[in-house]
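Here's the structure, in structure tokens; my notes come after.
FYI, it's all coordinate maths here, none of it is from the lab. A quick note: this is a predicted structure, and the numbers were derived from the prediction, not measured. Glycine gets a Cβ as well: all are built from the backbone with ideal geometry, and neighbour counts include every protein chain shown.
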Amino acid sequence: MRRQRTNWKYIFILLILASIVGGILCWQSKIWPKEEASVIEIKKPKRIEVTEELANKIMEKILPENFDRKTACFFINDLDNDQVSEIIIGITPALPAFEAYLAVVIPTDEIGNYKKIADFKFGKKILILEVLPVFSMSMI
């Protein structure tokens with residue numbers, strides 16, 4: 001059985017290589033110019049006071065053509081507590097179509113432009129036929 005010995009020659013070679021690589025990295029960090037980091041300022045959106053007039057302008061722009069404007073309504077609320085008011089627009093179905101519409105928008109300026117967050121149409125169009133009683137002569 002052979003006696004295990006530490007191979008000092010390989011350890012010495014590894015130490016020399018580590019010192020050479022460390023010296024090169026230290027030299028490069030001192031010689032090369034340092035890049036200056038620029039800080040980008042994020043602009044907060046301008047707070048827009050949402051009034052009924054502004055909500056009505058947006059509602060007229062966003063509503064699809066085939067929906068009745070008489071059944072449309074809106075709610076102004078800060079849904080995600082970010083101090084920016086969202087407008088929730090809803091249209092209840094009017095007969096004969098049982099299709100409803102819901103949209104959530106954020107106004108971007110005072111003239112009625114907006115950013116749409118959500119837009120939903122749900123329900124189906126169905127035709128309701130009123131059944132009228134049919135009278136025959138034998139029933140009278």
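Please go through the residue pairs K70/K115; K46/K116; K46/K121 and name each one whose alpha carbons sit more than 19 Å apart in this structure. Beyond 19 Å between Cα atoms: K70/K115; K46/K121.
The residues Y101, Y10, when put in order of fewest to most other Cβ atoms within 10 Å, stand as Y10, Y101. For the stretch 104-113, backbone phi angles converted through the Karplus equation (6.51, -1.76, 1.60; θ = phi - 60°) give residue-by-residue couplings of 10, 10, 10, x, 9, 7, 7, 9, x, 7 Hz, Gly and Pro being listed as x. Between E99 and T6, residue separation times 0.36 nm minus the direct Cα-Cα distance comes to 25.1 nm. Considering only the Cα atoms of the stretch 52-125, their convex hull presents on average a projected area of 4.9 nm².
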